[in-house]
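Taking it in order: structure first as structure tokens, then the write-up.
Throughout, read-outs are computed from the coordinates displayed, never taken from laboratory work. Treat the numbers as computed from the prediction; the structure is a model and nothing was measured. Cβ placement follows ideal geometry from the backbone for every residue including glycine, while neighbour counts extend to all protein chains displayed.
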Amino acid sequence: MTPDDTRLMLDVMCGDLARLLRVCGYDAAYAPDRGLLEDPEIADAARRENRVLVTRDVDFADSYGESVLLDSVDTDEQLDELRDAGLELELTEGARCSRCNGELAETAERPEHAPDGVDTVWECADCEQYYWQGSHWRHVEERL
């Protein structure tokens, strides 16, 4: 599964994972971001949007169908489980906003808090968050 061909819906137990999947380029919807808290409404939205469900809930995974069931509560171990399930996990420049899942676009604007020497800055079209490669980028890359 690649970011180009896989859309994901993560339930309430997978918030940290959603942010990491977004910086890998996945369209990773996090159910609580949409006000979805109950399994039936999460499942309805995921089916409507043709998304693979990511959950730690055995019954929910079984009832939904196309899903990835995670065993671990540790985010780094969950990343390993996703790799084992066939997801490609590589940090992708300018992919998606880790905060809201919006698409990023390169911008000539530089926020005041961007460090000197930053060559490329991306801005989220939805929440206007700025991104660039810095120490956080390297930290996430090491986790992956």
Percent relative contact order of the chain, based on C-alpha pairs within less than 8 angstrom and at least six residues apart?
-> 22 percent
Fewest to most neighbouring Cβ within 10 Å: what's the order for H139, H113?
-> H113, H139
Just in segment 7-100: which chymotrypsin sites (Phe, Trp or Tyr not before Pro) are loop by DSSP and have at most 10 other Cβ atoms within 10 Å?
-> none
Would you work out if segment 1-82 is rounded, prolate or oblate? Take a ≥ b ≥ c from the square roots of the eigenvalues of the alpha-carbon gyration tensor; rounded if a/c is under 1.5, else prolate when a/b is larger than b/c, oblate otherwise.
-> rounded
So the angle from the long Cα axis of helix 39-48 to the longest Cα principal axis of the chain, reported in degrees to the nearest 10, equals 70 degrees
If we count other beta carbons within 10 Å of each Cβ, what is the order of S63, S98, S135, fewest first?
-> S135, S63, S98
The residues M9, M1, sorted from fewest to most surrounding Cβ atoms within 10 Å, come out as M1, M9
In deg cm²/dmol, rounded to 500, what helix-only [θ] at 222 nm does the chain give when every DSSP H run of at least 4 residues adds -39500 (n - 2.57) and the total is split over its residues?
-> -9000 deg cm²/dmol
Distance in Å, no decimals, from the C-alpha centre of segment 92-126 to the one of segment 17-33 is 16 Å
